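Okay, so here's the structure we're looking at.
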Amino acid sequence: MSFSSLNDVIHMGGHGLYVWLSYGAGVAILSYNLVAPKMKQNALMKRLSQQLKREKLAK
Amino acid sequence: MWSSFKRWFHQWGSPKWFYERSLVWSRWLGVIALVCIPAGILWGLLFAPEDYQQGNSFRIIYLHVPAAVLAQSCYVLMAAAGFVGLVWKMKVADVVLKSAAPIGASFCFLALFTGAVWGKPTWGTWWVWDARLTSMLILLFLYFGVIALESAIQDAITAGKAAAVLCIVGVVNIPIIKYSVEWWNTLHQPATFKLTEKPAMPMEMWLPLLIMIIGIYAFFGYALFLRSRNEIIERERRTLWVRELVERESAA
């Protein structure tokens with residue numbers, strides 16, 4: 001461990017703002033790449049299954 | 001030998017085969033990413049020693065370099081997929097190209113953003129129009145171009161062709177990015193990793209970086225298959241196997 005206290009970790013020797021801003025952006029980009037396709041998948045499955053049901057009713 | 005290669009190659013032409021295999025690959029990639037990314041981040045943020053010149057701001061490297069490396073690899077992958085799609089008319093190649101674009105764009109943005117944030121305490125400025133930064137910005141615009149083309153053209157096959165051509169032409173930017181730090185005098189520091197030389201950093205600094213790079217690649221594969229499977233379902237929605245799949249999923 002290269003820090004002695006939690007305060008040091010947050011402060012990062014004066015570079016805290018830059019380091020945490022970067023890591024915040026990193027977490028945001030990673031989450032976007034997981035959440036966006038999952039949401040699309042749910043919407044797609046819902047749409048297609050409704051379409052299938054309609055087709056069955058029409059028969 | 002040749003016939004078994006041909007059989008292997010033809011499998012890739014089947015969206016159904018790709019869909020099913022990708023579920024298995026995703027599981028492994030997910031595990032690798034889930035282990036490597038938290039380990040790399042914690043190690044890099046808390047345990048790696050601080051840089052003797054840059055202090056703690058250098059910890060941004062553990063995001064910046066993996067994001068930049070991935071943004072470039074992703075573009076090369078798209079160009080390769082575009083070539084395969086144009087030559088062999090492979091549906092899966094079109095799907096992969098389209099699915100990779102938003103992921104590559106997001107990591108290209110992350111590389112530029114973390115670079116700007118790192119530049120402020122290190123160079124005293126968020127941005128300079130130097131060769132490395134400018135060529136990376138062009139990469140982001142190329143990604144936007146591919147995404148715009150894919151969404152502007154209704155017909156999936158025509159859209160795939162147009163995007164493939166843009167990817168193949170734009171790949172000329174990749175060696176420019178790579179050698180920009182050697183060809184021009186820039187503020188940007190030279191490459192951290194070279195295949196032929198030992199890294200200039202101590203092991204406690206480069207090992208977490210290597211772990212992060214592996215993790216980000218695995219994450220990319222995972223995210224790419226996630227999007228590709230959506231795209232396959234959308235394009236193949238009229239086939240029997242997708243209908244059965246939708247029925248099974250909606251019943252569960």
**Study point:** Kirkwood estimate for the stretch B:103-154, i.e. one over the average of 1/r between Cα atoms, Å
**Key:** 12.0
**Study point:** FRET efficiency for A:Val35 and B:Trp129, using Cβ-Cβ distance with R0 set to 41 Å, rounded to 0.05
**Key:** 0.75
**Study point:** Calculated [θ] (222 nm, deg cm²/dmol) that DSSP helices of n ≥ 4 give over chain A, each run adding -39,500 (n - 2.57)
**Key:** -29500 deg cm²/dmol
Review point. Which residue fluctuates the most in chain B, going by a Gaussian network model with Cα springs under 10 Å, if the choices are B:Lys120, B:Lys16, B:Lys89?
Key: B:Lys120
Revision key, fill the gap. Phi angles of the stretch A:10-18, converted by Karplus (6.51 cos²θ - 1.76 cosθ + 1.60, θ = phi - 60°) into ³J(HN,Hα) in whole Hz with x for Gly and Pro, give 5, 6, 6, x, x, 9, x, 4, 5
Exercise for review: From other protein chains only, count the Cβ atoms within 10 Å of every residue's Cβ in B:55-64, then give the mean.
Suggested key: 6
Check your understanding: Of B:Val69, B:Leu86, B:Leu207, whose Cα points farthest to the positive end of the dipole of chain B (charges on the beta-carbon: +1 Lys, Arg; -1 Asp, Glu; origin at the Cα centre)?
Key -> B:Leu86
Exercise for review: Calculate the radius of gyration of the Cα atoms of chain B to one decimal place, then report Dmax, the largest Cα-Cα distance, as a whole number, both in Å.
Suggested key: 20.2, 62
**Study point:** Per-selection metrics, the stretch B:74-134 (Cα): Rg and Dmax in Å
**Key:** 16.3, 50
Review point. In deg cm²/dmol and to the nearest 500, what is the mean residue ellipticity at 222 nm of chain B if only DSSP H runs of at least 4 residues count, each as -39500 (n - 2.57), divided by the residue total?
Key: -26500 deg cm²/dmol
Practice item. Could you tell me the largest-minus-smallest coordinate of the C-alpha atoms of the protein assembly as shown on each of the three principal axes, in descending order and whole angstroms? Key: 73, 43, 42
Exercise for review: Using Cα pairs closer than 8 Å and at least 6 residues apart in sequence, work out the relative contact order for chain B, in percent.
Suggested key: 31
Review point. Size of the stretch A:6-58 along its principal axes in angstrom, Cα-based, largest extent first?
Key: 69, 16, 9
Check your understanding: How long are the semi-axes of the ellipsoid equivalent to the stretch B:15-82, from square roots of 5 times the Cα gyration tensor eigenvalues, in whole Å, largest first?
Key -> 33, 18, 5
**Study point:** Averaged over B:228-236, number of beta-carbon atoms from partner chains that fall within 10 Å
**Key:** 3
Revision key, fill the gap. Scalar couplings 3J(HN,Hα) for the stretch B:237-252 by Karplus 6.51 cos²θ - 1.76 cosθ + 1.60 (θ = phi - 60°), nearest whole Hz, x for Gly and Pro, are 4, 8, 7, 5, 5, 6, 4, 5, 4, 4, 4, 5, 5, 6, 6, 6
Point to revise | the stretch B:192-233: Cα Rg divided by the 2.2 N^0.38 Å rule of thumb | key: 1.69
Revision key, fill the gap. Expected max-MSF residue from B:Glu150, B:Glu182, B:Glu231 in the GNM of chain B (alpha carbon, under 10 Å) is B:Glu182
Point to revise | Along principal axes, Cα extents of the stretch B:92-218, largest first, whole Å | key: 51, 31, 25
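Any read-out appearing in this document is the output of simple, stated calculations on the displayed coordinates, not a laboratory observation. Remember, predicted model here, so these are calculated numbers, not experimental data. With ideal geometry, Cβ positions are generated from the backbone for all residues, glycine too; neighbour counts draw on all protein chains shown.
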